[in-house]
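*Asks:* Structure below; questions to follow.
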Amino acid sequence: MRVFLINVFRFFTFFGIDFFYRIVTRSRAIGAENIPKTGGVLLAPNHLSAWDVFLVPYFAISRFSSRQVWLPAKIELFEFPPMALLLTLLRVFPVKRGKKDTAAIQKMIARLKEHIVIIYPEGTRSKTGKLGRGKVGIGKIILEARPAVVPTLVINTNYCFPPGAWLPNLFQKLYVVYGKPLQLDEYYAMENSRQAARAITDRLMEAIAELKEEYRHLEDAPAWAKKKVEASQRKYAAMEDADSGS
């Protein structure tokens with residue numbers, strides 16, 4: 001019954017999301033055919049904005065698909081009951097940040113056996129716009145679950161609500177790029193599981209970086225949005241430089 005209600009909710013909400021992404025923002029997906037139609041799939045995107053959590057799953061499956069798409073999110077988002085209900089209906093499950101959440105990890109692994117799961121390998125949003133180093137934990141999950149791993153790139157979502165802006169940039173054109181599934185057999189054959197997990201993570205981040213370079217020409221936004229985002233990125237980059245130098 002719960003799965004049925006979630007599917008009904010998704011069916012009707014897709015109409016509103018359709019209007020927003022296809023008509024208002026004229027957003028589009030590239031490489032959706034690279035997502036396997038069956039079996040466990042890990043979509044691993046870069047992370048620029050809270051808007052990513054809606055964009056990546058929206059283009060990953062059709063409105064009438066019976067496939068399940070799951071997303072982990074920080075447990076703090078579930079503290080407000082209405083938000084917790086909405087997230088549950090969207091198949092988002094809580095994860096405790098800052099410490100090893102064994103239960104959540106096992107849930108991800110179990111979901112990856114047959115469903116689509118979205119995990120951000122950087123672990124958090126990039127405040128500088130640069131691609132960060134991936135967390136070794138995602139390599140461990142891949143090593144355990146052995147899903148199809150699809151490197152994914154989101155473009156321009158950081159311009160949707162620029163820092164310091166009073167109103168969202170609702171007409172920002174967004175893109176999501178789904179790369180070809182990675183071939184990871186050589187890493188699965190490695191004897192040292194931690195080294196294998198690190199190598200898998202590094203290969204995944206390398207693939208995302210390659211997509212970022214290939215589709216750099218799609219990065220664009222109104223001048224006012226660019227100005228605000230670039231100012232914020234410079235501020236956080238200076239903070240990171242100060243921290244690394246101390």
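The values are calculated or read from the model by the stated rules, or taken from the named source; none is laboratory data. Everything numeric in this text was worked out from a predicted model, so none of it was measured. All Cβ positions, even for glycine, are placed from backbone atoms using ideal geometry, and neighbour counts span all protein chains on display.
*Asks:* Restricting to the range 20-42, give me the number of residues that are in a helix (DSSP H, G or I), of a type outside the set (D, E, K, R) and surrounded by 11 or more Cβ atoms within 10 Å (Cβ to Cβ).
*Replies:* 5
*Asks:* So in the range 206-246, with the set limited to residues that are farther than 20 Å from GLY134 by Cβ, among the acidic types (Asp, Glu) and part of a helix (DSSP H, G or I), which one is modelled with the highest pLDDT?
*Replies:* It comes out as GLU230.
*Asks:* Tell me which of these ALA104 doesn't satisfy, since it passes every other one: (1) more than 15 Å from ILE142 (Cβ to Cβ); (2) touching a Ser or Thr at 6+ places or on another chain (Cβ under 9 Å); (3) among the aliphatic types (A, V, I, L, M).
*Replies:* (2)
*Asks:* Kindly evaluate TYR159 against the criterion of being over 27 Å from TYR58 (Cα atoms) and among the aromatic types (Phe, Trp, Tyr).
*Replies:* No: the conditions fail for TYR159.
*Asks:* Any chance you could count how many residues in the range 169-188 are exposed (fewer than 13 other Cβ atoms within 10 Å of the Cβ) and closer than 17 Å to ASP220 by Cα?
*Replies:* 2
*Asks:* Show the residue pairs that are 6+ apart or on different chains and have beta-carbon atoms under 6 Å apart, the first residue being within the range 190-203 and surrounded by fewer than 16 Cβ atoms within 10 Å (Cβ to Cβ), the second being hydrophobic (A, V, I, L, M, F, W, C) and assigned to a helix (DSSP H, G or I).
*Replies:* Hits for this filter: MET190/ALA196.
*Asks:* Could you tell me how many of the residues in the range 158-189 are out of contact with any Cys (no Cβ under 9 Å at 6 or more places or on another chain) and touching a residue at least 40 places away in the same chain (Cβ under 8 Å)?
*Replies:* Counting residues in the range 158-189 that are out of contact with any Cys (no Cβ under 9 Å at 6 or more places or on another chain) and touching a residue at least 40 places away in the same chain (Cβ under 8 Å) gives 20.
*Asks:* Separate question: Tell me, which residue of the range 76-91 that is at pLDDT 85 or above and surrounded by 15 or more Cβ atoms within 10 Å (Cβ to Cβ) is farthest from PRO151 (Cα to Cα)?
*Replies:* Applying the filter and picking the extreme gives PHE78.
*Asks:* Let me ask something additional. Pairs, please: C-beta under 8 Å, at least 6 apart or cross-chain, first residue at pLDDT 85 or above and in the range 92-104, second charged (D, E, K, R) and assigned to a loop (DSSP other than H, G, I, E, B)?
*Replies:* Close Cβ pairs satisfying both conditions: VAL95/ASP101; ALA104/LYS96.
*Asks:* Here is a further query. Among the numbered criteria (1) in a helix (DSSP H, G or I); (2) of a type in the set (A, V, I, L, M, F, W, C); (3) in contact with a helix residue (DSSP H, G or I) (Cβ under 8 Å, 6 or more places away or on another chain); (4) more than 20 Å from ALA32 (Cβ to Cβ), which single criterion is violated by MET190?
*Replies:* Going through (1) in a helix (DSSP H, G or I); (2) of a type in the set (A, V, I, L, M, F, W, C); (3) in contact with a helix residue (DSSP H, G or I) (Cβ under 8 Å, 6 or more places away or on another chain); (4) more than 20 Å from ALA32 (Cβ to Cβ) one by one, MET190 breaks only (1).
*Asks:* Look through LYS135, LYS140, LYS130, LYS180 and report the one residue that is of a type in the set (D, E, K, R) and touching a strand residue (DSSP E or B) at 6+ places or on another chain (Cβ under 9 Å).
*Replies:* Matching residue, one of LYS135, LYS140, LYS130, LYS180: LYS180.
*Asks:* Any chance the range 120-136 includes a residue that's touching a residue at least 24 places away in the same chain (Cβ under 8 Å), under 17 Å from PHE59 (Cβ atoms) and not basic (Lys, Arg)?
*Replies:* Yes.
*Asks:* Now, a different point. Would you say LEU131 is surrounded by fewer than 23 Cβ atoms within 10 Å (Cβ to Cβ), hydrophobic (A, V, I, L, M, F, W, C), touching a helix residue (DSSP H, G or I) at 6+ places or on another chain (Cβ under 7 Å) and modelled with pLDDT of 90 or more?
*Replies:* For LEU131, the condition - surrounded by fewer than 23 Cβ atoms within 10 Å (Cβ to Cβ), hydrophobic (A, V, I, L, M, F, W, C), touching a helix residue (DSSP H, G or I) at 6+ places or on another chain (Cβ under 7 Å) and modelled with pLDDT of 90 or more - is met.
*Asks:* Taking the condition closer than 22 Å to ASN169 by Cβ, in contact (Cβ under 8 Å) with a residue 12 or more places away in the chain and not in a helix (DSSP H, G or I), does ALA50 pass?
*Replies:* Criteria met by ALA50.
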